[in-house]
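Have a look at the structure below before the remarks.
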Amino acid sequence: MAKKVIKKAKSKPAKKASRPKTSVAKMKSAPAKPVKKKLVKGFNAKELTYFKGIITDKRREILEELAILKESMMDVTTGEYASENSTYSTHMEQGTDAMEREKTFLFASREGKFLNYLDDALKRIDKGTYGFCINCGKLIPKARLEAVPHAQLCIECKNLKKGSM
């Protein structure tokens, strides 16, 4: 009679929770899926020239207004800024004059700020970034840029910004 050899079965360790077997080497070597970035086409050269014309016209208007405001603040005889030390004016007239000068200064300050916005828009045209929303990257509609040629935000982003204030 032949002896039967009974082998003792080796005990296997208990299985851990099943999860997909992915080795670290596989994860590192697997090429990343390319993220498709939607290319947004900007305005063509003809449209940019059109917007540049609008901006330069507005810029010219602002410079003319600033010159008029500067003249109104200057004393014609001396060439210096008008002062409130007139010997013929009364106390109330001096207060009114000071208020008018301050109002003129505020208008000039506002026009100067607008001039800076227009200059920035011209720089964006030169760099090729004009017409794109600085927040979401979408192309700002042509109608909005015709109304507000220095716009940097699309309507959606502008409304979001207003809502967060």
Just to check your reading of the model, which residue among Cys154, Cys136 is of a type in the set (A, V, I, L, M, F, W, C), surrounded by fewer than 16 Cβ atoms within 10 Å (Cβ to Cβ), more than 30 Å from Lys70 (Cβ to Cβ) and modelled with pLDDT of 85 or more?
Cys136
Quick one: Gly112 ticks every box in (1) touching a Phe, Trp or Tyr at 6+ places or on another chain (Cβ under 9 Å); (2) within 21 Å of Leu63 (Cβ to Cβ) bar one, so which box is it?
(1)
Filter the range 71-106 down to the residues that are modelled with pLDDT of 85 or more and loosely packed, with under 15 Cβ neighbours inside 10 Å, then identify the one that is nearest to His150 (Cα to Cα).
Leu106
Residue tally, condition in a helix (DSSP H, G or I) and either without any contact (Cβ under 8 Å) to a residue 40 or more places away in the chain or touching a strand residue (DSSP E or B) at 6+ places or on another chain (Cβ under 6 Å) (or both), over the range 108-135
10
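The values are calculated or read from the model by the stated rules, or taken from the named source; none is laboratory data. Owing to the predicted nature of the structure, the values given are computational and were not obtained by experimental measurement. Neighbour counts are summed over all protein chains in view; Cβ atoms, including those assigned to glycine, are modelled from backbone coordinates with ideal geometry.
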